[in-house]
1. Looking at the stretch 9-16, is at least one residue under 30 Å from L160 (Cβ atoms), of a type in the set (S, T, Y), exposed (fewer than 12 other Cβ atoms within 10 Å of the Cβ) and modelled with pLDDT under 75?
2. Give the stretch 288-304 a look and list any residue that's among the hydroxyl-bearing types (S, T, Y) and either on the phi > 0 side of the Ramachandran plot or surrounded by fewer than 17 Cβ atoms within 10 Å (Cβ to Cβ) (or both), or say none.
3. Of the residues in the stretch 137-158, how many are on the phi > 0 side of the Ramachandran plot and either in contact with a strand residue (DSSP E or B) (Cβ under 9 Å, 6 or more places away or on another chain) or touching a residue at least 40 places away in the same chain (Cβ under 8 Å) (or both)?
4. Answer with yes or no whether Q656 is closer than 18 Å to A602 by Cα, outside the structural domain of T404 (by TED's automatic domain parsing) and not aliphatic (A, V, I, L, M).
5. Can you confirm whether S564 is surrounded by 15 or more Cβ atoms within 10 Å (Cβ to Cβ), among the polar types (S, T, N, Q) and under 20 Å from L669 (Cβ atoms)?
6. Can we say D148 is farther than 22 Å from A88 by Cα and modelled with pLDDT under 90?
7. Just one of (1) over 23 Å from I522 (Cα atoms); (2) modelled with pLDDT of 90 or more; (3) among the hydroxyl-bearing types (S, T, Y) trips up T453, so point out which.
Amino acid sequence: MKRKKSNYRSLRLYLTWPILLSVFVAAVAAAVFFIDRQAGYVAIPAAVIYILIALLIRFSTRKSIVNDMVNFATDYGQVQKGLLKGLALPYALLDESGRFIWCNNEFHKLAGREIPIGKSITAYISEINKDTLPGRGETATLEFRFADRDFKAELKCTPLDEMARRSLIVNDEGFTGSIITLFLFDETELNSLKKQNREQKVVTGYLYMDNYDEVMEDVEEVRRSLLSALIDRKIKRYFAAYDAVVKSIDKDKYVITMRRVHFDRLVENRFDILEEVKTVKIGNEMSVTLSAGFGLDTGSLTEDTNYARNAIDLALGRGGDQAVVKTPDKTTYYGGKSLQMEKNTRVKARVKAHALREIIEQKERVFCMGHQITDIDTFGAAVGVYRVTRQLDKKCHIVINSVTQSIKPFIDGFSNDPDYDPDMFVTSQEALQLADSERSVLVVVDTNKPSITECPDLLKRIRTIVVLDHHRAGTETIENATLSYIEPYASSACEMIAEILQYISDDIRIKSIEADSMYAGIMIDTNNFMAKAGVRTFEAAAFLRRNGADITRVRKLFRNDIDSYKARANVVHQAELFLGKYAISMCEGDDLQSPTVIGSQAANELLNINSVKASFVLTRYQSRIYISARSIDEINVQIIMERLGGGGHMNIAGAQLSEMSLEMAKRQLQDVIRQMEKEGAIG
């Protein structure tokens, strides 16, 4: 605007200077006349002659000057138009609706024919439409493929009144609407080079045999070397097809290096080496299982290797028989379809028990918490930690914010017993007031996700953290734990704590109510010893029975009222069969005392129906949707729940959804199952 006014002022001054000088000369002549009449008689005629000549020149040349300016502007515009017409980049002008106003030769050539004025650009490039066009004063960039080439489009919408304000000739009044300029940049070669660069990048990974020692013990000694050689040959032949370098770093560990282009093929095949290696059998009844971890996209080979180590640790922490690919943006899981192999030895439990004892002995106060909406397994495990702490003469607090109907009978038993401290159970606010970052230790049981713990702020307040959990580790885990004991093969957190208790002290004594709580946790998580119950599960149960756990007493504590029983029966009654093998039902839990317990019980009941391979019960409670997922052996419900942000075990898992209705959650669950069926990821 300032430039336009300046140009107007310069042009007006140039055209009016003869008049201005004429006035000046006339004024001077008049002054001379009044001073000296004789001189005035000479000055006035001279001034008149000058004025006549100046006016003659001004009016005779004005029209030619304006014509010359118009001709110059026209010639300049034609030169500019010619340059744009022959511009090597496709360039076009569009109206607000995306119709062509003008386009250059390259655009015609790209379209393969003459583009008529007024034709919509969407007819040629579908990606550029009403939704992608920029608004007034905006710019937009989008990428698309056209005529077997990759293009990047840059669009800018300029209001016409703004263009008029920049003009020297036209006035901006009355101009409305906008004009869109469009440039197309051919990025085919650039993308090809990017693709080549990506494909040639090196990917590093680790491959471990999960159960090498157990498999070798299962085979005759004379066949062990042959079995080991066959497994080694199978692995190296498989990766040789992907042009990978496989180096053995131990009898059951390998490091793998390959190019990204071949790694992408490996991902497309969903790491089928995990299944192929199970076919190696020479008398071994137990199949070999592998775990793989790969790291990539960090921009540094060192960082990629660190990511690969984290990925293999994550795969092993989730029970093995799976591959984990870790990048800075996300972590992806493949496989994990088989049951975790139970370890016969309890050496690890003993080592962890001794480490836990040393940590607690160095602190003054212990806090124990589990996941939100405390269930009986979390409660029983916390009670076990309380007994460990009291055995070491330390103060212990169990963090529970809301008492559900399932744990209320147990809590009442502790509250009415004078042998237990009144502050045995505390809320999150009370725990934060009592906690000391240096002199306290926090024990997290039955979960390893910080976001779903009873008090996430307590994780930030206390430096020394211990994690004891039996769920598979996911992407979100508690970081910087001083001691982490995560065993996915364990049936329950109570089983793990029962084992730890046996190594804390030789003379440990567990009270009956404590033994009942832990025994109840094992019973619930194993569905009365019908799911995930291994040898060590029964050993833990036997230990608790020897310490006073009463089966009849526990069973009475589990009995439901008539309304809860009817609600569970109604959930089973309303179940639908999805894809012929997935039972899905919904439960309105706002009127129930323990809706999530009802949901999990109903999910267990649905597995008793023929042809049902997995069951899912969606329960609405406190503005959230809780999903209880169950299966017997064929379907891994844990990887299904992970797609919904949850997790758990192969046969028992769950997830929580927010800001949606039951119907929306049901559709989302069905979409995930349908997609995973299509990918072949369920099994």
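The values are calculated or read from the model by the stated rules, or taken from the named source; none is laboratory data. None of the values given here were measured: they were computed from a predicted structure. Cβ sites come from the backbone with ideal geometry, for glycine too, and all protein chains shown count toward neighbours.
1. Kept after step one, since they are under 30 Å from L160 (Cβ atoms), are these residues of the stretch 9-16: 9-15.
Next cut, of a type in the set (S, T, Y) only: 10, 14.
Cutting the leftovers down to exposed (fewer than 12 other Cβ atoms within 10 Å of the Cβ) gives us 10, 14.
Applying the additional criterion that residues be modelled with pLDDT under 75 yields 10, 14.
There is at least one residue in the stretch 9-16 that is under 30 Å from L160 (Cβ atoms), of a type in the set (S, T, Y), exposed (fewer than 12 other Cβ atoms within 10 Å of the Cβ) and modelled with pLDDT under 75.
2. First, pick out the residues of the stretch 288-304 that are among the hydroxyl-bearing types (S, T, Y): 289, 291, 298, 300, 302.
If the condition is that a residue be among the hydroxyl-bearing types (S, T, Y) and either on the phi > 0 side of the Ramachandran plot or surrounded by fewer than 17 Cβ atoms within 10 Å (Cβ to Cβ) (or both), then T298, S300, T302 are the ones that fit.
3. Taking the stretch 137-158 first, the residues on the phi > 0 side of the Ramachandran plot are 137, 147-148.
Checking which are either in contact with a strand residue (DSSP E or B) (Cβ under 9 Å, 6 or more places away or on another chain) or touching a residue at least 40 places away in the same chain (Cβ under 8 Å) (or both) leaves us with 137.
Summing the residues that are on the phi > 0 side of the Ramachandran plot and either in contact with a strand residue (DSSP E or B) (Cβ under 9 Å, 6 or more places away or on another chain) or touching a residue at least 40 places away in the same chain (Cβ under 8 Å) (or both) in the stretch 137-158 gives 1.
4. Working: closer than 18 Å to A602 by Cα: yes; outside the structural domain of T404 (by TED's automatic domain parsing): yes; not aliphatic (A, V, I, L, M): yes.
The answer is yes for Q656.
5. Values: surrounded by 15 or more Cβ atoms within 10 Å (Cβ to Cβ): yes; among the polar types (S, T, N, Q): yes; under 20 Å from L669 (Cβ atoms): no.
When the stated conditions are applied, S564 does not pass them.
6. Details: farther than 22 Å from A88 by Cα: no; modelled with pLDDT under 90: yes.
No, not satisfied.
7. (1)
Condition check ((1) basic (K, R); (2) in a loop (DSSP other than H, G, I, E, B)) across all residues:
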site: L87; (1), (2): no, yes
site: A92; (1), (2): no, no
site: W102; (1), (2): no, no
site: L110; (1), (2): no, no
site: P116; (1), (2): no, yes
site: T122; (1), (2): no, no
site: K130; (1), (2): yes, yes
site: G135; (1), (2): no, yes
site: E143; (1), (2): no, no
